[in-house]
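In what follows, a single structure is set out as structure tokens and then discussed.
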Amino acid sequence: MQAKKTVSLVLGSGGARGMAHIGVIEVLEERGYQIEEIAGSSVGALVGGIYASGKLPDFKDWICNLGRVDVFGLMDFSFSSKGFIKGEKVFDELRKIVEEQLIEDLSLPFYCNAVDYHEGTERVFDEGSLFSAIRASVSIPTLVQPAKIDGKEYIDGGVLNPLPVQLLQHRKDNLVVAVNLNALVDSYISPPKKDHEGNRMIQMPGWMKDYKRKMSSYFESTETPPKKKSLGSLDLLNRSMELLHDRVSKLVLEKHPVDILIEISKKQASTMEFYRAAELIEIGRIKMEQALDQLENES
């Protein structure tokens, strides 16, 4: 039986790992699949909304040229108890890319979510300002200050629904592809050394790897096993959110099965490692290629 060539795409939450969404989208298009609708949460809302607006190449060019120092420079720190990053710098840059447009005017149906933390309820954005919807969906608790819309305050949609399959409206008509960014460690793959065009990826120099390995072995005790690294408050919060997202995503998939599930290990990158965008895009490409190869061989 011929595989469906129209896709309902679900893009999950997971910080910088969401750059893998770009690779997934690129491969779908290159293989002749037409994305008919997108549901996204948090970074999935960001990438999905930008794609639906036709601005994904601009966003990819911008994000792939950010180094570690550039990412740090976009963090306008605040003493607010609601989030230690105001978000104004990065959102000003994103506004230049997204521009002012309405969700209902996009080239395809787009849905994303955010959480009204006062009421503890999920809000689905399927109309109105695209930028405002994205801003609300990516407001990671305690990290980025909540978004204010119509007198209400919203935080990251992934808090309640990190893989929003149920937001899709036409899933029965299409191939349903979901990208989970909080998969277990066994979904991890080694960072690619080259991109899909054969260009070498930026890697840690060999001499630095050797030095790091030698120094680690020099200071490592042979008598007692190494202690597990103690997490700071923010790392602990991030780890807790990842565990919660993983569990909720599994429950969603049990209730709403999908045709293709792309799993990106939480080990691939931490929440704020956006300077690894090019590497993560390639990982998304690899995972999507493998899934489509399997699907098309079975058809």
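The values are calculated or read from the model by the stated rules, or taken from the named source; none is laboratory data. These numbers were taken from a predicted model, which means no experiment stands behind them. Neighbour counts are summed over all protein chains in view; Cβ atoms, including those assigned to glycine, are modelled from backbone coordinates with ideal geometry. Calculation scope for accessible area: heavy atoms of the full protein, side chains included, ligands and nucleic acids excluded. Shrake-Rupley method; radii C 1.70, N 1.55, O 1.52, S 1.80 Å.
When E223, E296, E289 are checked against the criterion of being more than 27 Å from V159 (Cβ to Cβ), at pLDDT 95 or above and either of a type outside the set (G, A, S) or not in a strand (DSSP E or B) (or both), E289 stands alone in meeting it.
Count of the stretch 263-287 residues, restricted to those that are over 20 Å from V138 (Cβ atoms) and either open to solvent by 40 Å² or more (accessible area, probe 1.4 Å) or within 13 Å of the chain's Cα centre (by Cα) (or both), is 6. Just to be sure before I move on: is D126 modelled with pLDDT of 95 or more and touching a Phe, Trp or Tyr at 6+ places or on another chain (Cβ under 8 Å) in the structure I sent? Criteria met by D126. In summary, L251 fulfils each of the numbered conditions (1) out of contact with any helix residue (DSSP H, G or I) (no Cβ under 6 Å at 6 or more places or on another chain); (2) modelled with pLDDT of 95 or more with the single exception of condition (2). Residues that are crowded, with 20+ Cβ neighbours inside 10 Å and in contact with a Leu (Cβ under 7 Å, 6 or more places away or on another chain): which strands (runs of 3 or more DSSP E) entirely in the stretch 140-193 hold 2 or more of them? Per the criteria, 175-183.
Residues that are hydroxyl-bearing (S, T, Y) and part of a helix (DSSP H, G or I) within the stretch 268-286 comprise just one, Y275. Of all residues in the stretch 103-123, none satisfies the criterion of being in a strand (DSSP E or B) and modelled with pLDDT under 95. Residues that are part of a helix (DSSP H, G or I), within 26 Å of N180 (Cβ to Cβ) and modelled with pLDDT under 95 occur in the stretch 67-81; there is at least one. The listed residues are G40, G18, G23, and the only one of them that is open to solvent by less than 10 Å² (accessible area, probe 1.4 Å), assigned to a strand (DSSP E or B), modelled with pLDDT of 95 or more and not aliphatic (A, V, I, L, M) turns out to be G40. Just one of the numbered conditions (1) open to solvent by less than 60 Å² (accessible area, probe 1.4 Å); (2) at pLDDT 70 or above; (3) under 18 Å from A16 (Cα atoms) is not true of G87: (2).
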